[in-house]
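> Sharing a structure here in structure tokens format.
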Amino acid sequence: MGDQIIYLIDTDVLVAIRSKKDSKKLYNHLIRMATDGDLKTVRQVFDELETFGEGYRFLFGHKSKFVIPVGEQYCGAVQEKIELIKKKANYLYEQTGSKDAADPWLVAVASTYRYVLVTNERRESPKRIPAACQVPELRCRCISGPHFLHEVGLVPQINPAHISPAAFFADP
């Protein structure tokens, strides 16, 4: 893998893109990234997308490009991270009430493989994905959807008024 950055995307980012006027272009780029192996997600994200209705049906045709292989998601190293999440960040399960929620899997997979986790969850909340990414045993880079779109060159500029001051001034 070397210096290749691989992003792991959360449901909320895939859903939020739909509201952009250039969403088709953005989705097409994400599909290309997934095809190239630069963008991935976990099976549970597609389970969550089902609840958002027909507007996301087109992504299901590309599911195999996005979803990491079963052997990678459910391997021993990721399972160890899931156990750590149950002990140190159990709030990820409490948020949804689901025993198979996407959030714990996203953090476990990102932490295990050193992927950059992309979510729009609030950085200020002590009970969301960004907080779990800061747990020392789980530590992984976590960025917002806008930051991701900027980082991969899909959004040339980010309006500073749209950046959370708490996220901006937080220690990396």
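One line per residue, one yes/no per condition, for (1) surrounded by 14 or more Cβ atoms within 10 Å (Cβ to Cβ); (2) at pLDDT below 95; (3) among the hydrophobic types (A, V, I, L, M, F, W, C); (4) closer than 22 Å to Glu50 by Cβ:
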| residue | (1), (2), (3), (4) |
| --- | --- |
| Lys81 | yes, no, no, no |
| Ile85 | yes, no, yes, no |
| Trp105 | yes, no, yes, yes |
| Thr112 | yes, no, no, no |
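> Which one of these does Pro136 not meet: (1) outside any strand (DSSP E or B); (2) surrounded by 14 or more Cβ atoms within 10 Å (Cβ to Cβ); (3) at pLDDT 95 or above?
(2)
> Taking only the stretch 60-69 into account, find how many residues are open to solvent by 30 Å² or more (accessible area, probe 1.4 Å), under 21 Å from Ile5 (Cα atoms) and either without any contact (Cβ under 8 Å) to a residue 24 or more places away in the chain or assigned to a loop (DSSP other than H, G, I, E, B) (or both). So that I can check it myself, show each step before the final result.
Filtering the stretch 60-69 down to residues open to solvent by 30 Å² or more (accessible area, probe 1.4 Å) leaves 60-65, 67, 69.
Retained after the next criterion (residues that are under 21 Å from Ile5 (Cα atoms)): 62-65, 67, 69.
In the following step, the residues that additionally are either without any contact (Cβ under 8 Å) to a residue 24 or more places away in the chain or assigned to a loop (DSSP other than H, G, I, E, B) (or both) were identified as 62-64, 69.
The number of residues fulfilling the criteria is 4.
> I need every pair where a residue in the stretch 47-59 that is modelled with pLDDT under 85 has its Cβ under 9 Å from the Cβ of a residue that is β-branched (Val, Ile, Thr), sequence separation at least 6 or different chains.
Pairs that qualify, where the first residue is modelled with pLDDT under 85 and the partner is β-branched (Val, Ile, Thr), are Gly55/Val15.
> A further question on this structure: Is at least one residue of the stretch 29-40 within 21 Å of Val107 (Cβ to Cβ), out of contact with any strand residue (DSSP E or B) (no Cβ under 8 Å at 6 or more places or on another chain) and open to solvent by less than 80 Å² (accessible area, probe 1.4 Å)? Write out each step before concluding.
Our first condition is that a residue be within 21 Å of Val107 (Cβ to Cβ); within the stretch 29-40, this holds for 30, 33-34, 37-40.
Now narrow it down to the ones that are out of contact with any strand residue (DSSP E or B) (no Cβ under 8 Å at 6 or more places or on another chain): 37.
Now drop any that are not open to solvent by less than 80 Å² (accessible area, probe 1.4 Å), which leaves 37.
Yes, the stretch 29-40 contains a residue that is within 21 Å of Val107 (Cβ to Cβ), out of contact with any strand residue (DSSP E or B) (no Cβ under 8 Å at 6 or more places or on another chain) and open to solvent by less than 80 Å² (accessible area, probe 1.4 Å).
Matching residues to (1) open to solvent by 40 Å² or more (accessible area, probe 1.4 Å); (2) assigned to a strand (DSSP E or B):
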residue: Gln4; (1), (2): yes, no
residue: Leu8; (1), (2): no, yes
residue: Val15; (1), (2): no, no
residue: Lys20; (1), (2): yes, no
residue: Tyr27; (1), (2): no, no
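The values are calculated or read from the model by the stated rules, or taken from the named source; none is laboratory data. The model shown is predicted, which means the values in this text are computed figures rather than measured ones. Every residue, glycine as well, gets a Cβ built from its backbone with ideal geometry; the counts of neighbours run over all protein chains shown. Ligands, DNA and RNA are stripped out before the accessible areas are found, and what is left, the full protein with its side chains, is counted by its heavy atoms. Shrake-Rupley method; radii C 1.70, N 1.55, O 1.52, S 1.80 Å.
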